[in-house]
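*Asks:* Please read through the structure below; I'll follow up with questions.
Read-outs: derived from the displayed coordinates by stated rules, not from any lab. What you see is a predicted model, and the numbers here were worked out from it, not measured in a lab. For neighbour counting, all protein chains shown are included, and Cβ atoms are generated from backbone atoms with ideal geometry for every residue, glycine included.
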Amino acid sequence: MVIAASAFLTPLLMRAFSRAFPPRRPQSEDYQLLRSRYNAIELWSQLFALIGGVAAVCFVIALHRGNTPWLVGVIFGWLVLAPLLLVAVCTLPRGVSRWHEFWQFYEMRYQISLRLLAPVYILVGSLGVVSTAVLLSRQ
């Protein structure tokens, strides 16, 4: 249910926030170059978000924990952490500049600034790590 809701709401929220937080750089002629370089990684990251969400649900079920707010933190956290890990694995071995280029492409593709997304991703990812640690410590 949570995964379905997030899959439905994420594009709507991204569109709404893109108007309030436009990218720092306007569309450039470099977009086509960046698109050819990073489009596959971005598409795979969407699949990894889905895999992360399903894995989080399986993890929560396997732990047999009752209703606790930490479960929501695990699920949303893993939805963010899995694609971030993929992007890091695919870009950072080629240098930090590739990491930055990917996020420049991401800004141009979705027309939303990382000034909004980076703090949200950091917060939700951190919540996922802390929630997972809490649930594991209660084993």
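*Asks:* Rank the residues 132, 68 as a footprinting-exposure proxy: fewest other Cβ atoms within 10 Å of their Cβ go first.
*Replies:* Ordered from fewest to most neighbouring Cβ atoms within 10 Å, 132, 68 come out as 68, 132.
*Asks:* Sorting 61, 112 on the 10 Å Cβ count, fewest up front, what's the list?
*Replies:* Arranged by neighbour count, lowest to highest, 61, 112 become 61, 112.
*Asks:* Assuming R0 = 25 Å, can you tell me the calculated FRET efficiency for the pair residue 116 and residue 138, based on Cβ-Cβ distance, to the nearest 0.05? Walk me through the numbers on the way to the answer.
*Replies:* Working: r = 33 Å, r/R0 = 1.34.
According to the calculation, E is roughly 0.15.
*Asks:* Another question about this same structure. Residue separation times 0.36 nm, minus the C-alpha to C-alpha distance between residue 88 and residue 100: what's the value?
*Replies:* Details: separation 12, 0.36 × 12 = 4.32 nm, distance 1.05 nm.
Gain on stretching residue 88 to residue 100: 3.3 nm.
*Asks:* If you don't mind, another one. Give the separation of the Cα centroids, segment 67-83 to segment 124-138, in Å.
*Replies:* 8
*Asks:* Also, quick follow-up: To the nearest 20 debye, what is the magnitude of the charge dipole of segment 31-139 about its Cα centre, counting +1 on the Cβ of each Lys and Arg and -1 on the Cβ of each Asp and Glu?
*Replies:* On the way: 8 positive and 3 negative charges, 14 e Å.
Charge dipole of segment 31-139: 60 debye, to the nearest 20.
*Asks:* Return 64, 100 ranked ascending by Cβ neighbour count within 10 Å, so the fewest neighbours appear first. Intermediate results must be reported in sequence, preceding the final value.
*Replies:* Numbers: 64 7, 100 12.
Lowest to highest Cβ neighbour count: 64, 100.
*Asks:* For residue 130 and residue 64, calculate 0.36 nm times their separation in residues minus their Cα-Cα distance, and state this gained length in nm to one decimal. Spell out each step's value before the answer.
*Replies:* Working: separation 66, 0.36 × 66 = 23.76 nm, distance 1.81 nm.
Going from the current span to full extension adds 22.0 nm.
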